[in-house]
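**Student:** Can you read through this structure? Questions will come right after.
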Amino acid sequence: MRKALRGVLSLAVLIGTVSATGASAGAATAAEPAAKQSSGSTTSGESSNEDIKDRILAIPGMSLIEEKPYPGYRFFVLNYTQPIDHKRPSKGTFQQRVTLLHKDTTRPTVFFTSGYNVSTNPSRSEPTQIIDGNQVSLEYRFFTPSRPAPADWSKLDIWQAASDQHRVFKALKKIYTQKWLSTGGSKGGMTATYFERFYPKDMDGVVAYVAPNDVVDKEDSAYDRFFARVGTEECRDRLSGVQREALVRREPLEAKFEAYAAENGLTFDTVGTLDKAYEAVVMDYVWAFWQYSLLADCASIPADAPNATDQEIWDSVDGISGFAAYADQGLSTYTPYYYQAGTQLGSPDITQPWLGNLSRYGYQPPRTFVPRSIPMKFQPSVMRDVDRWVRNNARQMMYVYGENDPWGAEPFHLGKGARDSHVYTVPGGNHGSKVAGLVADEKAEATAAVLRWAGVAPAAVEADPAKAKPLAKFDARLDVRDAELQRNRGTLRP
């Protein structure tokens, strides 16, 4: 994905329920009673002399990187030994990072993945807050340091990644025996969907946020229709005006870019030239705005682009798209994503007719952003299979989209074969849309479904879903996803 979300909707992250004075080792032993008290449980899932860390580390292949204290929880950063190839486990292994936010083994558990790197700081997704449960988070294979060495890129596909999740689930289910939900936002929502497609018996529910569904990679007209109507005409005109000027003034702004690159040590070996990197950033400008901003943010876009200064054009593009995005240093972290986009996931290609003939390269494909030493071949049947499966087999699956998020132009759809599944849209929402942003009745309905799937819906909610609300209190330190979006800033990716 692109630029950071500035104070807008997000998918949530984590929470504590007791004061910080009980942190560190004290919190480790107090976590279970604190969780029991906050959740209303009458019995703990562990005996007083049994440490949860010992139980986790007794799992074959599980090792501890570190434990970080957090009030009311225990938070572990772990490594888990995984086969490089789940079809041929004898062909080698690698270490995959896992984090575990432990509350109580009597509570349900959420399996979260961003589809990228895992954060090693305590965080909680929105479903975890709703059900007041534990959270397991998994780093996606081939994102460093969870990358086999040497890296056989042919083993980076959605089935192998789903099989990683399946093994982690099987290992931890012996400890966390209550119901499990999977969740993730954007590529993480895609990942949760693929996990459900290949291992439909593992999870008790799926909550996928803003998950793109590029069924036919070569047919992207839905995105063009989206950009023709999103927001207001005034806002669209402001954005297209700045974008045009950035290409009209290519020569002076590229001179500025060259100086910027030299100052920051940026190189462009992967894309080939500074000119291609510059244009790729500019071509992302409109998409990036709607992905991370709200309609109200249009006020910050220069209204009269032809008469704006070079610095004003530069600042607007850099603030939304990020000029470092397509340098080698910006791309290297996301090589696994671009590889997947060019082999299985697909990627958008929009026409942007307001640019006329100003573009030299068009919307550049994923192949441009992956080192040439890594072979790629697209598999068109993969997303068709997933889409068909979701339409016909979805059980207790939920999709949440943002009305103004470009990635939602090609969403997942539910067919006649779906059961107890839902698709919601946040009015005016962007790529940070979540259940909390839905209109009141849909918010309550969605929250009630999550509680019911997790087996923790209070009797009052069972009788009247309109009374549904998260079981855990909001914690501004732990329930904010801005840090994840900051990490994913720059370059066009979900």
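The values are calculated or read from the model by the stated rules, or taken from the named source; none is laboratory data. Since this is a predicted model, take the numbers as computed values, not measurements. Here the Cβ is made from the backbone with ideal geometry for all residues, glycine too, and neighbour counts use every protein chain on show. These area figures cover heavy atoms from the full protein model, side chains too; ligands, DNA and RNA do not enter into them. Shrake-Rupley method; radii C 1.70, N 1.55, O 1.52, S 1.80 Å.
**Student:** Which one of these does D284 not meet: (1) over 24 Å from the mean Cα position of the chain (by Cα); (2) crowded, with 17+ Cβ neighbours inside 10 Å?
**Tutor:** Every condition holds for D284 apart from (1).
**Student:** Sticking with this structure for a sec: Somewhere in the stretch 82-94, is a residue polar (S, T, N, Q), open to solvent by 10 Å² or more (accessible area, probe 1.4 Å) and farther than 24 Å from Y209 by Cα?
**Tutor:** Looking only at the stretch 82-94, we keep the residues that are polar (S, T, N, Q), and these are 82, 90, 93.
Restricting the remaining residues to those that are open to solvent by 10 Å² or more (accessible area, probe 1.4 Å) gives 90, 93.
Next, from what is left, pick out any that are farther than 24 Å from Y209 by Cα: 90, 93.
Scanning the stretch 82-94, I find at least one residue that is polar (S, T, N, Q), open to solvent by 10 Å² or more (accessible area, probe 1.4 Å) and farther than 24 Å from Y209 by Cα, so the answer is yes.
**Student:** I'd like the full set of residues that are over 14 Å from the mean Cα position of the chain (by Cα) and not in a helix (DSSP H, G or I), limited to the stretch 169-188.
**Tutor:** K174, I175, Y176, T177, Q178, K179, W180, L181
**Student:** If you don't mind, another one. Would you check if G205 is at pLDDT 95 or above, closer than 21 Å to K103 by Cα and among the small types (G, A, S)?
**Tutor:** On the way: at pLDDT 95 or above: yes; closer than 21 Å to K103 by Cα: yes; among the small types (G, A, S): yes.
When the stated conditions are applied, G205 passes them.
**Student:** Here is a list of conditions, (1) surrounded by fewer than 18 Cβ atoms within 10 Å (Cβ to Cβ); (2) in contact (Cβ under 8 Å) with a residue 24 or more places away in the chain; (3) among the basic types (K, R), and R244 meets all of them except one; can you say which number that is?
**Tutor:** (1)
**Student:** Looking for something under 30 Å from W453 (Cα atoms) and among the charged types (D, E, K, R) - is there at least one such residue anywhere in the stretch 214-231? Show your work before the answer.
**Tutor:** So the first thing to find is which residues in the stretch 214-231 are under 30 Å from W453 (Cα atoms), and the list is 214-215.
Next, only the ones that are among the charged types (D, E, K, R) stay: 214.
Among the residues of the stretch 214-231, at least one is under 30 Å from W453 (Cα atoms) and among the charged types (D, E, K, R), which makes the answer yes.
**Student:** Consider K469 against the criteria (1) in a helix (DSSP H, G or I); (2) over 16 Å from A211 (Cα atoms): it satisfies all of them except one. Which criterion is unmet?
**Tutor:** Every listed condition holds for K469 apart from (1).
**Student:** With respect to R419, determine if the residue is in contact with a strand residue (DSSP E or B) (Cβ under 6 Å, 6 or more places away or on another chain), more than 21 Å from F289 (Cβ to Cβ) and free of Cβ contacts under 8 Å to residues at least 40 places away in the same chain.
**Tutor:** Numbers: in contact with a strand residue (DSSP E or B) (Cβ under 6 Å, 6 or more places away or on another chain): yes; more than 21 Å from F289 (Cβ to Cβ): yes; free of Cβ contacts under 8 Å to residues at least 40 places away in the same chain: yes.
Considered against the rule, which asks whether it is in contact with a strand residue (DSSP E or B) (Cβ under 6 Å, 6 or more places away or on another chain), more than 21 Å from F289 (Cβ to Cβ) and free of Cβ contacts under 8 Å to residues at least 40 places away in the same chain, R419 comes out as yes.
**Student:** Checking the condition part of a strand (DSSP E or B), touching a Gly at 6+ places or on another chain (Cβ under 7 Å) and either among the hydrophobic types (A, V, I, L, M, F, W, C) or buried (at least 23 other Cβ atoms within 10 Å of the Cβ) (or both), which residue from V110, V98 passes?
**Tutor:** On the way: V98 fails: touching a Gly at 6+ places or on another chain (Cβ under 7 Å).
When all the criteria are applied, what remains is V110.
**Student:** Any residue in the stretch 451-470 that's among the charged types (D, E, K, R): show its pairings with residues that are part of a loop (DSSP other than H, G, I, E, B) and surrounded by fewer than 21 Cβ atoms within 10 Å (Cβ to Cβ) at Cβ separation under 9 Å, as long as the two are six or more apart or on different chains.
**Tutor:** Listed pairs, sorted by first residue: R452/Q396; R452/D420; K467/P458.
**Student:** Return yes or no: is R367 over 20 Å from the mean Cα position of the chain (by Cα), within 12 Å of N213 (Cβ to Cβ), outside any loop (DSSP other than H, G, I, E, B) and not polar (S, T, N, Q)? Even if it seems obvious, please write down each step before you answer.
**Tutor:** Values: over 20 Å from the mean Cα position of the chain (by Cα): yes; within 12 Å of N213 (Cβ to Cβ): no; outside any loop (DSSP other than H, G, I, E, B): yes; not polar (S, T, N, Q): yes.
Spelling it out, it is not the case that R367 is over 20 Å from the mean Cα position of the chain (by Cα), within 12 Å of N213 (Cβ to Cβ), outside any loop (DSSP other than H, G, I, E, B) and not polar (S, T, N, Q).
Residues checked against (1) open to solvent by 10 Å² or more (accessible area, probe 1.4 Å); (2) not in a helix (DSSP H, G or I):
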site: H431; (1), (2): no, yes
site: D441; (1), (2): yes, no
site: E445; (1), (2): yes, no
site: R452; (1), (2): yes, no
site: G455; (1), (2): yes, yes
site: E462; (1), (2): yes, no
site: K473; (1), (2): yes, yes
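**Student:** Give the number of residues within the stretch 218-241 that are at negative phi and open to solvent by less than 40 Å² (accessible area, probe 1.4 Å).
**Tutor:** Of all residues in the stretch 218-241, those at negative phi come to 218-230, 232-241.
From what is left, the residues that are open to solvent by less than 40 Å² (accessible area, probe 1.4 Å) are 220-223, 226-227, 230, 235, 239-241.
Number of matching residues: 11.
**Student:** Checking S123 against (1) assigned to a helix (DSSP H, G or I); (2) buried (at least 19 other Cβ atoms within 10 Å of the Cβ), only one condition comes out false. Which one?
**Tutor:** (1)
**Student:** Right, something else. Starting from residues that are out of contact with any helix residue (DSSP H, G or I) (no Cβ under 6 Å at 6 or more places or on another chain) and not acidic (D, E), keep the ones in the stretch 315-326 and report whichever is nearest to T273 (Cα to Cα).
**Tutor:** Start the filter on the stretch 315-326 by keeping residues that are out of contact with any helix residue (DSSP H, G or I) (no Cβ under 6 Å at 6 or more places or on another chain), which leaves 315, 318-319, 322.
Next, only the ones that are not acidic (D, E) stay: 319, 322.
Working: G319: 22, G322: 17 Å.
Only one residue tops the list, namely G322.
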